[in-house]
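Take a look at the structure below.
The values are calculated or read from the model by the stated rules, or taken from the named source; none is laboratory data. Here the structure is a predicted model, which means the values were calculated and not measured. Note that each Cβ is placed from the backbone with ideal geometry, even for glycine, and that neighbours are counted across all protein chains shown. Heads up: the accessible areas ignore ligands, DNA and RNA and are worked out on the full protein's heavy atoms, side chains in. Shrake-Rupley method; radii C 1.70, N 1.55, O 1.52, S 1.80 Å.
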Amino acid sequence: MRNAIRFVAPLVAAFVVAGCSAPRAASTPTPSATGTPSFTGKTLNIVTGGTGAVYIVYGAGLADLLNRKLGTAASAQSTTASVDNMKLIRDGKADIAFTLADTAFDAVNGKGSFAAPEKPADAKVLAVLYSNLTHLVVKESGGINTVTDLKGKRVSMGSAGSGTEIIANRTLEAYGLDPTNDIFRERLGAQDSANNLRDGKIDAFFFSGGLPVPAVLDLATGTKIKMLDLTDSIQKMSTKYGNFYFPIKIPKTTYNTTADVTVSGVANLLVVPSSFDPALAQAILATMFDNKADLVKVHAAANDLVLESAVVGSPIDYHQGAIDFYKLKGVWKK
């Protein structure tokens with residue numbers, strides 16, 4: 001898996017753009033000679049995440065796939081992930097976004113990071129993609145064995161504007177810690193967090209990602225790490241914030257740790273603006289499912305792209321194009 005992740009680095013570089021002003025898909029498809037919509041040349045800005053994480057790899061692979069199979073002009077934009085991605089959707093600066101289910105719910109319902117004076121996002125989901133797992137990473141020799149041991153420590157809570165930061169705050173609260181006053185907070189992405197832990201500049205870091213997170217995988221090759229158990233946070237978070245969180249294990253074989261560990265999981269969604277062209281939404285889903293093997297080559301998280309689970313677990317409504325697609329496939333039960 002490590003070799004596969006490194007293999008896609010040139011792909012990521014080719015399809016990731018830095019700015020927020022990338023062109024977006026036209027709202028109306030161009031009919032072909034056969035009457036079937038043609039999406040050749042349609043621009044798509046896919047907003048993803050930061051370096052060392054999963055979204056950016058998956059998103060670059062998706063952009064490449066859509067360009068090859070549909071003839072679109074898609075690109076994957078590197079961002080700080082879920083919160084900013086939903087804001088880009090809201091503000092008309094993105095066409096497709098990777099986001100966490102809890103963040104998507106807040107965005108659509110005007111809660112959390114999207115409470116007034118912020119505006120909610122008008123968005124719909126295309127698919128539930130895979131589960132994110134909350135990594136709370138420490139050095140095995142660092143003397144930190146439980147979440148409460150983080151008091152007074154230097155902890156990266158994820159990038160500002162990320163879904164990781166939301167989950168990290170909620171996790172500390174569930175263990176009776178004040179995320180503002182009880183730790184020395186850093187706001188780093190996956191790669192910077194891994195680098196800083198390795199170099200002794202921080203004591204721990206949170207990251208919410210699919211397995212394996214590239215930055216954590218690389219860190220584990222030269223540094224003996226462990227994941228902290230988060231079992232006691234899951235029900236408390238669900239009770240307070242919504243039924244988004246579930247127990248899930250990080251196997252010890254993932255990062256060569258000494259034991260499996262139970263952490264909080266949350267669904268990853270692929271979302272679009274509510275105004276997104278239904279025919280294009282349907283074509284994107286058909287392309288993804290028909291060419292799943294291509295996405296798996298990019299990242300193992302794509303193994304979880306399954307018709308039956310793609311329609312389960314979203315806290316926001318499905319886009320009409322997605323509903324049409326799933327009805328054709330016989331999996332839409334709502």
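Observations on the structure shown:
- Within the range 46-75, tally of residues that are within 18 Å of residue 292 (Cβ to Cβ) and in a strand (DSSP E or B): 2
- The residues of the range 126-157 that are in contact with a Phe, Trp or Tyr (Cβ under 8 Å, 6 or more places away or on another chain), of a type outside the set (Gly, Ala, Ser), more than 22 Å from residue 300 (Cβ to Cβ) and open to solvent by less than 50 Å² (accessible area, probe 1.4 Å), listed by number, are 147, 155, 157.
- Complete set of residues in the range 170-219 that are among the small types (Gly, Ala, Ser), surrounded by fewer than 21 Cβ atoms within 10 Å (Cβ to Cβ) and touching a residue at least 24 places away in the same chain (Cβ under 8 Å): 176
- Under the condition of being basic (Lys, Arg) and in contact with a strand residue (DSSP E or B) (Cβ under 6 Å, 6 or more places away or on another chain), the residues counted in the range 154-187 number 1.
- Matching strands (runs of 3 or more DSSP E) fully within the range 220-334 where at least 2 residues are within 28 Å of residue 134 (Cβ to Cβ) and either touching a Cys at 6+ places or on another chain (Cβ under 6 Å) or open to solvent by less than 40 Å² (accessible area, probe 1.4 Å) (or both): 225-227, 261-273
- Residue match in the range 168-184 (condition: within 19 Å of residue 99 (Cα to Cα) and aliphatic (A, V, I, L, M)): yes
- Hits in the range 50-84 - residues which are under 16 Å from residue 207 (Cβ atoms), open to solvent by less than 30 Å² (accessible area, probe 1.4 Å) and out of contact with any Gly (no Cβ under 6 Å at 6 or more places or on another chain): 52, 57, 58, 79
- Enumeration of residues in the range 85-105 that are touching a helix residue (DSSP H, G or I) at 6+ places or on another chain (Cβ under 9 Å) and either open to solvent by 20 Å² or more (accessible area, probe 1.4 Å) or without any contact (Cβ under 8 Å) to a residue 12 or more places away in the chain (or both): 87, 90, 93, 105
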